[in-house]
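Worksheet for the structure shown next.
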Amino acid sequence: MKCWLTIALVYGLVSCGDVNRSETLEKIAHLSTVLEATTEYLDVPVSDSLTKAVELGYATKMSIKEKLGGDTLTMERAVQIDEYARYILEFEHLQAQLPIVRSNVAEIQRALNALKSDIDQEAGNRAKYADQIKLEEMKVMTLMTKIDSISKIKNEGLEAFYELHNKVTDFSLNLEEKKEEE
């Protein structure tokens, strides 16, 4: 009788361990899915739109610089050009952040894969699995906050940039017409 009771108790403990193991593996799978979606988002649309805006901005700034000559700027126009230049620098900063974010995504993914491997092989300290999962969840949440910030800055910045670009481009065209008249 004691033997059956011992077997039942061991089986119960193993079953609880399997439930915890399944939940842990599901959390890891979910975090991996979130990271994959993040990587897809960062790949083409963000980088391309920022690159195009920076190239366009520098071309327009050079055009104004070449055509301005001895003319003076109104305060309003000078502020617009200064703001335009700040957007270009902001976009360059965002471009520099993208490889870092991608690297962080890869690092977290490697950590999740290593944790999953440890769980599958029943290696390491099982009591630490929950803490490791929480740590990786915090990293993912921090990364998602960073990506949301980049996305918000990019979207709002590009909208304002292109609105300002139209004004600056009109000024550049006016300078060109003025220069041709002379």
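Could you pull out the pairs from Lys27/Lys146; Lys27/Lys154; Lys67/Lys154; Lys134/Lys154; Lys52/Lys154; Lys67/Lys152 whose alpha carbons sit more than 24 Å apart here?
Lys27/Lys154; Lys67/Lys154; Lys134/Lys154; Lys67/Lys152
Please list, in order along region 148-163, the HN-Hα scalar couplings obtained from phi with the Karplus expression 6.51 cos²θ - 1.76 cosθ + 1.60 (θ = phi - 60°), rounded to whole Hz, x for Gly and Pro.
Running phi through 6.51 cos²θ - 1.76 cosθ + 1.60 with θ = phi - 60° gives 4, 5, 4, 4, 5, 4, 4, 5, 5, x, 5, 4, 5, 4, 5, 5 Hz.
Treating the Cα atoms of region 75-182 as identical point scatterers in vacuum, please give the log10 of the normalised Debye intensity I(q)/I(0) at q = 0.15, 0.22 Å⁻¹, two decimals.
Result of the Debye calculation: -0.77, -1.12.
Please report, as a whole percent, how much of the solvent-accessible surface of region 64-182 comes from carbon and sulfur atoms (probe radius 1.4 Å).
The nonpolar share, carbon plus sulfur, comes to 52 percent.
Using each residue's phi in region 100-117, evaluate 6.51 cos²θ - 1.76 cosθ + 1.60 at θ = phi - 60° and report the 3J(HN,Hα) Karplus result to the nearest Hz, with x for Gly and Pro.
3J(HN,Hα) across region 100-117, in whole Hz: 5, 5, 4, 5, 5, 4, 5, 5, 5, 4, 4, 5, 5, 5, 5, 5, 4, 4.
So which aspartates and glutamates pass the test for Lys139, namely a Cα distance under 13 Å, with those fewer than 8 places away in the same chain ruled out?
Glu107, Asp131
Per residue, how much accessible area does region 118-182 show when a 1.4 Å probe rolls over the protein heavy atoms, in square angstrom?
69
With the Cα gyration tensor of region 27-122 giving a ≥ b ≥ c as the square roots of its eigenvalues, does the rule (a/c under 1.5 for rounded; else a/b larger than b/c for prolate; else oblate) give rounded, prolate or oblate?
prolate
Explain nothing, just the number: relative contact order of region 20-110, from Cα pairs under 8 Å at least 6 residues apart, as a whole percent. Walk me through the intermediate numbers first.
Numbers: 25 pairs, mean separation 45.7, N = 91.
It rounds to 50 percent for region 20-110.
Which whole-angstrom value gives the distance between the alpha carbon centres of region 119-182 and region 50-114?
So the two Cα centres are separated by 12 Å.
The values are calculated or read from the model by the stated rules, or taken from the named source; none is laboratory data. Please read these numbers as outputs of a predicted model, since none were measured by experiment. Side chains included, ligands, DNA and RNA excluded: accessible areas come from the protein's heavy atoms. Shrake-Rupley method; radii C 1.70, N 1.55, O 1.52, S 1.80 Å.
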